[in-house]
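One structure is given below, encoded as structure tokens.
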Amino acid sequence: MRMNRRNVLVGLGTIVAGGGAALGTGAFSSVDADRTIGVQVEDDSSAYIQFRTADTASGTLANQEYVTTESGTNGNSIIRFDFDGAGGGTNGEGLNEEAVTSFDDLFEIGNESGEEIEIGYEVEGTSAITFYDQSDSDIDGESIVDEGDLIVGIEIDTRESIGDGETSVTFTATPTPT
């Protein structure tokens, strides 16, 4: 093959293209950088997402005797649901075995974030507990409009394992895609 300018350019172009493919695009895969961030933490009564019990709810909650609020770490509040008969006005000592028991209107979730949000939750270690709204729909994935409220009840299925009777729940709130 004769060496002319065209063959040299084709050869150099092949080398450059092959080298680029072998070495990647030059884009980075990760960055590790230290930055400062400021976060303002508020208690539930003035946070973007508010969990309200009977004393702070916008309306009356039908089963407020099963809900107590305790002080947690860092000044946060813990909402506790007690279905062991210790609540005021109850004569029973707990939930029925092998049954599904529902308690409407236990607490309220308020949205003060400035945008519509989607609520999610995860119950630690069991699928026997479901949170639902006033239309008896599971609230996992339910939207709350800005400045809106969602009154929440709980359903407990004792046909499934609920462990030692005490578990934790993590609620999430994410902006609704527009």
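A few points about this structure:
- Residue count for the stretch 83-107, restricted to those that are at pLDDT below 85 and either closer than 16 Å to F131 by Cβ or in contact with a His (Cβ under 7 Å, 6 or more places away or on another chain) (or both): 1
- Among the residues making up the stretch 125-143, those that are in contact with a strand residue (DSSP E or B) (Cβ under 7 Å, 6 or more places away or on another chain) and either closer than 16 Å to E166 by Cα or modelled with pLDDT under 90 (or both) are A128, I129, T130, F131, Q134, G141, E142, S143.
- Considering only residues in the stretch 134-156 that are of a type in the set (D, E, K, R) and surrounded by fewer than 18 Cβ atoms within 10 Å (Cβ to Cβ), the one that is nearest to the chain's Cα centre (by Cα) turns out to be D140.
- Extreme residue, farthest from T174 (Cα to Cα), among residues of the stretch 113-122 that are at pLDDT 90 or above and surrounded by fewer than 16 Cβ atoms within 10 Å (Cβ to Cβ): E122
The values are calculated or read from the model by the stated rules, or taken from the named source; none is laboratory data. Computed from a predicted model, the values in this text were never measured in an experiment. With ideal geometry, Cβ positions are generated from the backbone for all residues, glycine too; neighbour counts draw on all protein chains shown.
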